[in-house]
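The values are calculated or read from the model by the stated rules, or taken from the named source; none is laboratory data. Just so it is clear, the model here is predicted, and its values are computed rather than measured. Every residue, glycine as well, gets a Cβ built from its backbone with ideal geometry; the counts of neighbours run over all protein chains shown.
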Amino acid sequence: MVTTCSRTRVLARSGWETNNPIIDAVPTWVAPFAGQATVSCDVFGLPGDGGNGLTVTLYDEATSVAQVSIGPTDHTHHTLSATRTVVTGQRIFLRINNNADNEYDYFGYALGSE
């Protein structure tokens, strides 16, 4: 069985002001029903005013299944993907970590399944 959902593109940045706390972005995909799902993410850095890059990890619940580090000047697209047998309501998510610096790390991502 294959699950499907539309791919969404959201552009954001991991730090807006110097006074903001360091918080990871955690977009989540939730299995609408049981079966086999291939969840993939296209993630990329955007031009900005510096920053120290990002580390992006794809998780199946608490298990890391794929990871990529994106340098501050790396604007190429990176794909993380995992095929999993899921139950209804199971969460697969990204953790977009700003490497302990919330200044000027801009990124985009698309998270979806098939």
Starting from residues that are more than 22 Å from Tyr106 (Cα to Cα) and part of a loop (DSSP other than H, G, I, E, B), keep the ones in segment 9-45 and report whichever is modelled with the highest pLDDT. Ala34
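Part of a loop (DSSP other than H, G, I, E, B) and either at pLDDT 90 or above or under 12 Å from the mean Cα position of the chain (by Cα) (or both): which single residue out of Thr55, Thr73, Thr88 fits that description?
The match here is Thr88.
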Of everything in segment 32-71, what is in contact (Cβ under 8 Å) with a residue 60 or more places away in the chain and touching a Lys or Arg at 6+ places or on another chain (Cβ under 9 Å)? Give them in sequence order. Ala37, Thr38, Val39, Ser40, Asp42, Leu46
Test Leu94 against the criterion of being surrounded by fewer than 14 Cβ atoms within 10 Å (Cβ to Cβ), closer than 14 Å to Ala25 by Cβ and touching a residue at least 24 places away in the same chain (Cβ under 8 Å), and give yes or no. no
